[in-house]
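Q: First the structure, then my questions, so here it is.
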Amino acid sequence: MWQLFQFPLCPFSRKTRLALSEKGVGYDLEHAYPWDAGDDFYALNPAGRTPVLHDPAKRLTLIDSQAICEYFEETVDKTPLILGNALQRAEIRRLVALFDQNFFADVTHPLMHEKMKKRLVLRTSPDSGTLRSAMRLAHEHLEYIDWLVGNRRWLAGAQLSLADFAAAAQISVADYLGGIDWTGHEEAHGWYRVIKSRPSFRPLLTEKMEGLPPPRHYADVNS
Ligand SMILES: N[C@@H](CCC(=O)N[C@@H](CS)C(=O)NCC(=O)O)C(=O)O
């Protein structure tokens, strides 16, 4: 059985969990906080980053959400997530990179640092300027999602793909941390509600970060 080393608010672990669930791959959850992980975790990934997927019986270790998703895309036929022709697959990969890299750097990471790490680890107050800037940049990303879903059925085209799950994973962490305001983003909000109501999303919505409760609307699939 696979073991997924992760923590509840890691967006890359969320993206991996969504892909594994959509593909019907089972795993046990192992909590690993990069700032407080044990030797077992560092032995598996000396870089100290989540997610890590490990099969102790087969002595296999996969590291990095995209590497993990691509591995299962190549080895499990069920529910293709990087699908279509070469051009369509390139568009899916472009958008996955946009959300994994840009949305994370602009929005998710600053929110995680200010609202999660400062509260739980550093025991200092969040910086209001950094939070304002993250929320302003979130609006710009939501505007782009408005445009994408206004022009396509799903983010990367006609089919649901890994791009939708990569984006929703980042947004769900930002939403947990109170950084998402849907005002003026009805199209993006409608798309997110659909993704949020998929069975693969449910376990993420019920999981909480100890000492950091989510806002009330967070787990409600209608809001
Ligand atoms: N490109 C990696 C990014 C992984 C990543 O940055 N994980 C964060 C947690 S969300 C982490 O472990 N940070 C700890 C660190 O950078 O030291 C992926 O897609 O898995």
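Values quoted throughout were computed directly from the atomic coordinates according to the rules given, and no laboratory measurement underlies them. All values reported here derive from a predicted model rather than from experimental measurement. Note that each Cβ is placed from the backbone with ideal geometry, even for glycine, and that neighbours are counted across all protein chains shown.
Q: Treat the count of other C-beta atoms within 10 Å as a stand-in for reagent exposure and order Ser197, Ser21, Ser128 from fewest to most. Write out the running numbers ahead of the final one.
A: Working: Ser197 12, Ser21 20, Ser128 9.
If I rank by nearby Cβ atoms, fewest first, I get Ser128, Ser197, Ser21.
Q: Between segment 152-188 and segment 58-91, how many Å separate their Cα centres?
A: The distance from the Cα centre of segment 152-188 to that of segment 58-91 comes to 20 Å.
Q: Follow-up question, since we're still on this one. Just round it to a whole percent: the fraction of Cα-Cα distances in segment 65-107 exceeding 15 Å.
A: Working: 445 of 903 pairs.
That fraction is 49 percent.
Q: Shifting gears a bit: If the elastic network links every pair of Cα atoms under 10 Å, which of Phe72, Phe99, Phe165 fluctuates the most in the Gaussian network model of the chain?
A: So, out of Phe72, Phe99, Phe165, the one fluctuating most is Phe72.
Q: Continuing with the same structure: Each residue of segment 75-87 in turn: what ³J(HN,Hα) in whole Hz from Karplus with 6.51, -1.76, 1.60 and θ = phi - 60°, glycine and Pro shown as x?
A: Result, rounded to whole Hz: 10, 10, 6, 4, 6, x, 10, 10, 10, x, 7, 4, 5.
Q: Still on this structure: How many nm is it between the label spots at Gln159 and Gln88, if each spot is 7 Å from the Cα in line with the beta carbon?
A: 0.5
Q: Give me Thr16, Thr108, Thr130, Thr50 sorted ascending by neighbouring Cβ count inside 10 Å, so fewest comes first.
A: Values: Thr16 29, Thr108 26, Thr130 15, Thr50 23.
With the sparsest Cβ surroundings first, the list reads Thr130, Thr50, Thr108, Thr16.
Q: Where a Cα-Cα gap under 20 Å defines reach, which aspartates and glutamates qualify for Lys117, not counting those fewer than 8 residues away within the same chain?
A: Lys117 reaches Glu30, Asp36, Asp100, Asp106, Asp127, Asp175, Glu207, Glu210.
Q: Taking trypsin sites (Lys or Arg not before Pro) as candidate sites, keep only those in a DSSP loop with at most 15 other Cβ atoms within 10 Å, then name the longest stretch of the chain containing none of them.
A: On the way: sites that count: Lys58, Arg59, Lys78, Arg123, Arg152, Arg153, Lys208.
After excluding every exposed loop site, the longest remaining stretch is 1-57.
Q: Continuing with this model, one more query. Stretch Thr183-Ala67 to full length: gain in nm at 0.36 nm per residue minus the Cα-Cα span? Intermediate values should be presented prior to the final figure.
A: Numbers: separation 116, 0.36 × 116 = 41.76 nm, distance 3.48 nm.
This chain segment gains 38.3 nm when fully extended.
Q: Per 0.36 nm of contour for each residue apart, how much would the distance between Ser197 and Arg59 grow if the chain were fully extended, relative to their Cα-Cα spacing? All intermediate terms of the calculation are to be shown ahead of the outcome.
A: Numbers: separation 138, 0.36 × 138 = 49.68 nm, distance 3.49 nm.
Fully extending the segment from Ser197 to Arg59 adds 46.2 nm.
Q: So what are the ³J(HN,Hα) numbers for segment 160-173, from phi and the Karplus equation (6.51, -1.76, 1.60; θ = phi - 60°), rounded to whole Hz, Gly and Pro as x?
A: After applying 6.51 cos²θ - 1.76 cosθ + 1.60, I find 4, 8, 4, 4, 5, 6, 4, 5, 5, 5, 5, 4, 5, 6 Hz.
Q: For each pair in Lys115/Lys208; Lys58/Lys78; Lys15/Lys58, compute the distance between the two Cα atoms and list the pairs where it is over 20 Å. Walk me through the numbers before you get to the answer.
A: Working: Lys115/Lys208 14 Å; Lys58/Lys78 22 Å; Lys15/Lys58 24 Å.
Where the Cα-Cα span goes over 20 Å, the pairs concerned are Lys58/Lys78; Lys15/Lys58.
Q: Now, a different point. Just want to confirm a number: the relative contact order over segment 52-126, from Cα pairs under 8 angstrom separated by 6+ residues, in percent. Write out the running numbers ahead of the final one.
A: On the way: 28 pairs, mean separation 8.7, N = 75.
Contact order relative to length: 12 percent.
Q: When Lys and Arg each count +1 and Asp and Glu each count -1, what net charge do the other residues less than 10 Å away from Ser21, Cβ to Cβ, add up to?
A: On the way: positive: Arg17, Lys23, Arg198, Arg202; negative: Glu22.
Around Ser21, the surrounding residues sum to +3.
Q: Next up: Quick one: work out Rg over Rh on the C-alpha atoms of the chain, Rh as Kirkwood radius. Before the final figure, lay out the partial values.
A: Numbers: Rg = 17.0 Å, Rh = 17.9 Å.
So for the chain, dividing Rg by the Kirkwood Rh gives 0.95.
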